[in-house]
Structure formats: structure tokens, C-alpha cells
Amino acid sequence: TAMTAAVDALREVAATRVVVASPVSQGKLAAVRDYLETAGFAVTGTEGIDTASSHDIRSLPVGAPHDLATAAFRAHPGADAIYLPSLTWRATEYAARLERELGVPVVTLYNSLLWRSLTAIRYPSPILGRGSLLARIGS
């Protein structure tokens, strides 16, 4: 499942304390928190943007994934990774930049699914420019 791929990806980057940022309500983020905590991660905090639909998410400013992830990381100290669970917004485009700026791995739902798929078929080459998780492919 998508969450299994995300958990595996967070383990791959050696995460233990995760902050979560996503364009969904805190109610929906509570389910993500519960899942991650059941999987053994400490969730240092969650930040959301209350949206009602995928259309609302696509209507957010293009830099929203970067801005929300940065705000979440700063508001909830102690995280050693950031998780951005949403396939609708374009968070993977910001993974490498966030890693450079904040100094922690960034796992998005999209890059965890791509990482899981490509490692399963033993894809031979890293995907560069989309964060450290995808850069591990083929190594």
C-alpha cells in the first residue's frame, strides 16, 4: 500500500522522529500520525491546510509544499525527517531543496511509491534532483 511504501521509505532514510505536513485537515492528519506511531515513529508534530477537495489542493500557491514543510519543521523541533503525504500537490519537486535548507531527509508520498517500485525492479540508476530517497535507487 501507499502507507507501507512511506513507512519503508522513512526507515530507508533512518528516520525515527518525523514531522508531517500536508494539505489536509488536522482530523485527517490524525490518522497519518496514528499510522506512523503504530509503525514505531515518534511524530513530533503535524501541520495541515484545511482543504475540501483535490481541486482546492491544486489551487494552492505553487510554493505551498515548501512553505508548509518549512513551517512544520520549525514549529515542531526534534524531527529527523519530514513526511509530506499527498499525491495531489507537487511536494516531490521541493524535496531536494528542503533537504538542503533544513538538513533532514524529506519523504513524500509520491517519492516513496516511486522509490518502492523502482527498487522492486532493481532499477539501476538514481533519480537526481528529487531528494535523497530517490538518489539511493540503484546503489
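The values are calculated or read from the model by the stated rules, or taken from the named source; none is laboratory data. This one's a predicted model, so the numbers in the text were calculated from it and none came from an experiment. Reconstructed Cβ throughout: ideal geometry from the backbone, glycine too, with neighbour counts over all protein chains shown. Side chains are part of the model used for accessible areas, which takes the heavy atoms of the whole protein and leaves out ligands, DNA and RNA. Shrake-Rupley method; radii C 1.70, N 1.55, O 1.52, S 1.80 Å.
Side notes on the structure shown:
- Residues of region 9-26 with an amide N closer than 19 Å to a point placed 7 Å from the Cα of residue 117 along the Cα-to-Cβ direction: 9-10.
- Unit Cα scatterers, Debye sum, region 58-139: log10 I(q)/I(0) for q = 0.19 Å⁻¹: -0.79
- Gained length - residue 54 relative to residue 87, 0.36 nm times residue gap less alpha-carbon distance: 10.9 nm
- Using only Cα coordinates, the Kirkwood hydrodynamic radius of the chain works out to 14.7 Å.
- Area of residue 125 that stays accessible when all protein chains are in place (1.4 Å probe, Å², to 10): 50 Å²
- Computed [θ] at 222 nm, deg cm²/dmol, the chain (DSSP H ≥ 4; -39,500 (n - 2.57); rounded to nearest 500): -13500 deg cm²/dmol
- Solvent accessible area, Å² - residue 127, 1.4 Å probe, full protein context: 50 Å²
- Of the trypsin sites (Lys or Arg not before Pro) found in region 40-127, those that fall in a DSSP loop while having at most 15 other beta-carbon atoms within 10 Å are 122.
- Intensity falloff of region 1-73 expressed as log10 I(q)/I(0), Debye formula with alpha-carbon point scatterers, at q = 0.15, 0.17, 0.20 Å⁻¹: -0.53, -0.67, -0.90
- Per residue, the chain exposes an accessible area of 48 Å² to a 1.4 Å probe, with every protein chain left in place.
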